[in-house]
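In what follows, a single structure is set out as structure tokens and then discussed.
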Amino acid sequence: MAEVILSKVSKVFDKNVVVVDQVNFDVRDQEFMVLVGPSGCGKSTTLRMIAGLEDITEGEISIDGRVVNDVPPKDRDIAMVFQNYALYPHMTVYDNMAFGLKLRKYPKSEIEKRVTDAAEILGLAHLLDRKPKALSGGERQRVAVGRAMVRDPKVFLFDEPLSNLDAKLRVQMRTEISKLHNRLESTMIYVTHDQVEAMTMGDRIVILKDGRVRQIDSPLNLYNRPANKFVAGFIGSPAMNFLTCRVIQNGGMILDEGSIRFSVPESLADRLKNLINGEVIFGIRPENIWTLDNADRVELKATVLAKVDVVEPMGSEIYVYLNTGQSNLIARLEARNLPKPGTSIDLVFDLSAVHFFDVATHEVL
């Protein structure tokens, strides 16, 4: 397989529209790298530049140690799986998977071996004589993956391949693609706008916004140690809560959100010592908010009062949407006693798990 390196890669369209701006990252040999970000962040354009389907305005892309800026797509030894399957409707599953090999004049025996091996791995062996219209969405997507597999490329590229599937099939297919990666031990680059897909599939994740890389790290490091407010809010479902608070020194350090006030333990106060009489963005994830009867589970805590707006039962847990009078919060609580909308409840913040962000730069403190 191969390593892929992007060095200061940019893409500028007409009228100086910068879609990808000085992107740098490397994909290690046999790594599953996910590019994730909101719509218009440049992730698919970046993938298309790696594939050679988009010209690079500036920078350098290398695959397996070879600079491929001017190498046509067919000579880059990559295979791409698209969102819309891109299958030939008049061909059988076998012929769809074999088509690329036939164009490259592979011997018939080699084509048959590669197609049947891939079909066996993907659970398509009994479908080889069918045409795409007789297949489900998940089966069509597996055919598209199989067509890429038979090429035995150095790099697999996936461009939001699960977007057209329903929720249950998405879960099933992302598991199958992860298993396929482990089995093939190949280099894979996967583009998605779904942070759940990114978290569950990637060895590492590149988070993009406005054409720029905001952070690159493993899923758990991104979740537990976000570098900025954007990453903190993008990774995790439900999203992290943010409160803009004034930092007050009054005997001890206090954070004043406007409707609620709470003390900051000495172990955290040092991070805010330069912000006295200024403001800070306080971030806490929904699972780090507890009800008062669970307060004994939390060592560093702050108690606040909030009004319940909406309760969403999720089975083993509930999502409670709250209002402090100044800010909105989401708490992820145990589904034991459902609070009633319109009532006010005491909540406990687990301050050992909070994040502080600069109000101006949104970088972590």
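The values are calculated or read from the model by the stated rules, or taken from the named source; none is laboratory data. All values reported here derive from a predicted model rather than from experimental measurement. Using ideal geometry, Cβ is built from the backbone for each residue, glycine included, and neighbour counts are taken over all protein chains shown. To get the accessible areas, we keep the full protein, side chains included, count just its heavy atoms, and leave off ligands, DNA and RNA. Shrake-Rupley method; radii C 1.70, N 1.55, O 1.52, S 1.80 Å.
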Next on the checklist: Can you tally the net charge around residue 106? Count Lys and Arg as +1, Asp and Glu as -1, for every other residue whose Cβ sits under 11 Å from the Cβ of residue 106.
Outcome noted: +4
Checklist entry - Can you run phi through the Karplus equation (6.51, -1.76, 1.60; θ = phi - 60°) for the range 135-152 and list ³J(HN,Hα) in whole Hz, with x for Gly and Pro? => result 10, 7, x, x, 5, 4, 5, 5, 5, 4, 5, x, 4, 6, 4, 5, 6, 6
Item to check | MRE, 222 nm, helices only [DSSP H, n ≥ 4, -39500 (n - 2.57), over the chain, to nearest 500] | outcome: -7000 deg cm²/dmol
Checklist entry - Which sequence of 186, 344 reflects their accessible areas, 1.4 Å probe, from the largest down? => result 344, 186
Item to check | Inter-part distance where the range 130-157 and the range 83-111 are each reduced to a Cα centre, Å | outcome: 10
Checklist entry - Placing +1 at every Lys and Arg Cβ and -1 at every Asp and Glu Cβ, with all other atoms neutral, what dipole size does the chain have around its Cα centre, in debye to the nearest 20? => result 940
Checklist entry - Taking a ≥ b ≥ c as the square roots of the eigenvalues of the Cα gyration tensor of the range 21-86, is the shape rounded (a/c under 1.5), prolate (a/b larger than b/c) or oblate? => result rounded
Item to check | Over the range 213-365, equivalent-ellipsoid semi-axes from the Cα gyration tensor in Å | outcome: 24, 20, 14
Item to check | Charge dipole of the chain about the Cα centre (unit charges at C-beta), most positive-ward option of 153, 213, 200 | outcome: 153
Item to check | Accessible-area composition of the chain, carbon plus sulfur, in percent [1.4 Å probe] | outcome: 46
Item to check | Amide H contacts of residue 317 (H built 1.01 Å from N, under 5 Å, at least 5 apart or other chain) | outcome: 335
Item to check | Under-5 Å amide H pairs with residue 301, H placed in peptide plane, nonlocal only | outcome: 351
Checklist entry - Among residues other than residue 18 whose Cβ falls under 14 Å from its Cβ, what is the net charge (Lys/Arg +1, Asp/Glu -1)? => result 0
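Specify whether the C-alpha gyration tensor of the range 141-280 places it in the rounded, prolate or oblate class, a ≥ b ≥ c being the square roots of the eigenvalues: rounded for a/c under 1.5, otherwise prolate if a/b is larger than b/c and oblate if not.
Working: a/c = 3.61, a/b = 2.95, b/c = 1.22.
Cα axes put the range 141-280 in the prolate bin.
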Checklist outcome for this item: Output row, site residue 271, 7 Å Cα→C-beta label point, backbone N cut-off 11 Å, window the range 326-365, residues 351-358, 364-365
Item to check | Max mean-square fluctuation residue, GNM over the chain, Cα-Cα springs under 10 Å, options 151, 140, 297 | outcome: 297
Item to check | Note, ³J(HN,Hα) from phi for the range 98-105, Karplus 6.51, -1.76, 1.60, rounded to Hz, x at Gly and Pro | outcome: 8, 4, x, 5, 5, 4, 8, 6
Checklist entry - Assuming a viscosity of 1.002 mPa s and a temperature of 20 °C, what translational diffusion coefficient in µm² per second does Stokes-Einstein assign to the range 120-196, Rh being the Kirkwood radius over Cα pairs? => result 163
Checklist entry - Under a 5 Å amide H to amide H cut-off, with H placed in plane at 1.01 Å, what residues pair with residue 187 once short-range neighbours are removed? => result 2, 30, 156
Checklist outcome for this item: the chain accessible area per residue, 1.4 Å probe, protein heavy atoms, integer Å², reads 48
Checklist outcome for this item: Looks like the range 263-348, by Cα gyration tensor root eigenvalues a ≥ b ≥ c and the a/c under 1.5 rounded cutoff (else prolate when a/b is bigger than b/c, oblate otherwise), is prolate
Item to check | Phi to ³J(HN,Hα) by Karplus 6.51 cos²θ - 1.76 cosθ + 1.60 over the range 284-296, Hz, x for Gly, Pro | outcome: 8, 7, x, 6, 9, 10, 10, 7, 4, 6, 10, 4, 5
